[in-house]
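Here is the structure we will look at.
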Amino acid sequence: MNPTPIQIVVAYDFTQSSRHALLRAIEIAAREPAAVLHFVNVVEAHGADYAYAGRVQEQLAREITEELRRAELTGRVHFFVHARLGKPAAEILELAREVGADRIVVGTKGLTGVEHFVLGSVAERVVREAGCTVEIARAKTYPQVDLLNVVEVEQQHRYVPPHRYSYADNRVQMRPKDWPLY
């Protein structure tokens, strides 16, 4: 029996933050063989046409294929490349609706203050309006930490029968078998 495919929409705009989203989506697909990745690049329509969107789509497909080759996943990960004209957040959310997305992976530029107020945040709008889980992909900035090795120990549990306290004479009584389990 084949598992139901998990539809993952990945926002990609050729920036460093969206590259983190691409790499995160590939990590997910490597662990989840039923994942289908839908990469979407939204070209804002300031003079762009469908021919330009087609070239963007081809370039994105090349980059995805190269990353899959590096991860040694070529041929094992199913993906689609979507190039759209319009507003980024609206088009990402529309694609998610169209494919019945189970998850959306999006990078964030980390704008704050006035920049955030003026430019807005695609990631923030996607998080607010999405009908599925949204994962924000970022570069790891925490230092690598060497943790202690996990060692398996033999369990030494012994059975202790259920009991209750009788407050009248402060002694432990065994729980009768006919008591309810709650």
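Each reported figure results from applying straightforward, stated rules to the coordinates on display, with no laboratory input. Quick caveat, the model's predicted, so the values are computed rather than measured. Note that we place each Cβ from the backbone using ideal geometry, even for glycine, and neighbour counts take in every protein chain shown.
Of the peptides 133-139, 143-149, the ranking by mean beta-carbon count within 10 Å, highest at the top, reads 133-139, 143-149.
For the residues His157, His82, what sequence is obtained by ranking on other C-beta atoms within 10 Å, fewest first?
His157, His82
With the convex hull drawn around the C-alpha atoms of region 6-137, the volume per residue stands at 98 Å³.
When Val127, Val122 are sorted by how many other C-beta atoms sit within 10 angstrom of their C-beta, beginning with the fewest, the order is Val127, Val122. Pair-distance distribution of region 33-93: all C-alpha pairs, bin width 10 Å, starting at 0; shares per bin in whole percent are 22, 45, 26, 7. Full extension of the chain between Thr4 and Gln59 gives 16.8 nm of extra length, using 0.36 nm per residue less the Cα-Cα distance. Here the dipole of region 6-137 is about 160 debye; that uses its Cα centre as origin and unit charges on the Cβ of Lys and Arg (positive) and Asp and Glu (negative).
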